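Peer 1: Here it is, the structure, as structure tokens.
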Amino acid sequence: MQKIVNGVKIECVQGDIASQGDIAAVVNAANAQLRMGGGVAGAINRAAGAELEQECRPLAPIKLGQAVLTGGHKLPNRYIIHCLGPVYGRDKPEDKLLADCYRNALLLAEKHKIESIAFPAISAGAFGYPVEDAASVAFGAILEMTDKLKYIKIVRFVLYSRGDLEAHQNVLSALATNTDK
């Protein structure tokens, strides 16, 4: 599924975030220390190789909502943008902190003239954020920025499970109805 808003294609696919060869930058749902973890962070770190951890060391720790950029290493992507999302029910205000992840990732991509970016469902896995709520926050933050994006032309959400894909498709469809241009 895809929507075009202010010239930016926003799409949802089911798949592996570490296998998006046609995308310039993938986003890592990172931990504060930018170390190997489970879920998205584990998949990206395993696929990128040991050099990624070495590049990340001087960048850590990162703060909630912050985004930092590294090379893609052994991934098929030129860049990895690492974001630390909130733990649902613990980090407050969780909706603002989660929106900051998406906004800051997009701003960093724009700064580096990146034309395509792939996001996972930040905070919706081990950090416990309900998938539909996380999708609403994510798409809300992205849609409010589309008219300010000069370089980014593709924003892809890569969801691991069919349920997460359907939740994101439903939220995107509902939110984008009034913003199609």
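Peer 1: Hey, how many Å between the Cα centroid of region 9-63 and the Cα centroid of region 66-85?
Peer 2: Result: 6 Å between the Cα centres.
Peer 1: Quick check on packing: order 56-63, 130-137 by the mean number of other C-beta atoms within 10 Å, highest mean leading.
Peer 2: Result, highest mean Cβ count within 10 Å first: 130-137, 56-63.
Peer 1: Right, another one. Please report the net charge: other residues with Cβ closer than 12 Å to the Cβ of E11, K and R +1, D and E -1.
Peer 2: +3
Peer 1: Per the chain: cysteines with no other Cys C-beta under 4.7 angstrom?
Peer 2: C12, C56
Peer 1: Step through the residues of region 71-80 one at a time and calculate ³J(HN,Hα) from phi using the Karplus curve (6.51 cos²θ - 1.76 cosθ + 1.60, θ = phi - 60°), rounding each to whole Hz and writing x for Gly and Pro.
Peer 2: Each residue's phi maps through the Karplus curve to give x, x, 6, 8, 6, x, 10, 6, 10, 10 Hz.
Peer 1: For K111 and R90 in one chain, what is 0.36 nm times their gap in residues minus the Cα-Cα distance, to one decimal in nm?
Peer 2: Residue separation times 0.36 nm, minus the Cα-Cα distance, leaves 4.4 nm.
Peer 1: To continue, here is another question. Would you mind calculating the relative contact order of region 2-176 from Cα pairs under 8 angstrom and at least 6 residues apart, reporting the percent as a whole number?
Peer 2: Value for region 2-176: 30 percent.
Peer 1: By the gyration tensor of its Cα atoms, with a ≥ b ≥ c the square roots of the eigenvalues, what is the shape of region 34-152: rounded for a/c under 1.5, prolate for a/b over b/c, or oblate?
Peer 2: It is oblate, given that a/c is not under 1.5 and a/b is not larger than b/c.
Bear in mind these aren't lab numbers, they're just calculated from the coordinates by the rules spelled out. For clarity, every value in this text was computed on a predicted model and none was experimentally measured. Because the Cβ atoms are built from the backbone with ideal geometry, glycine has one as well, and the counts that use them run over all protein chains shown.
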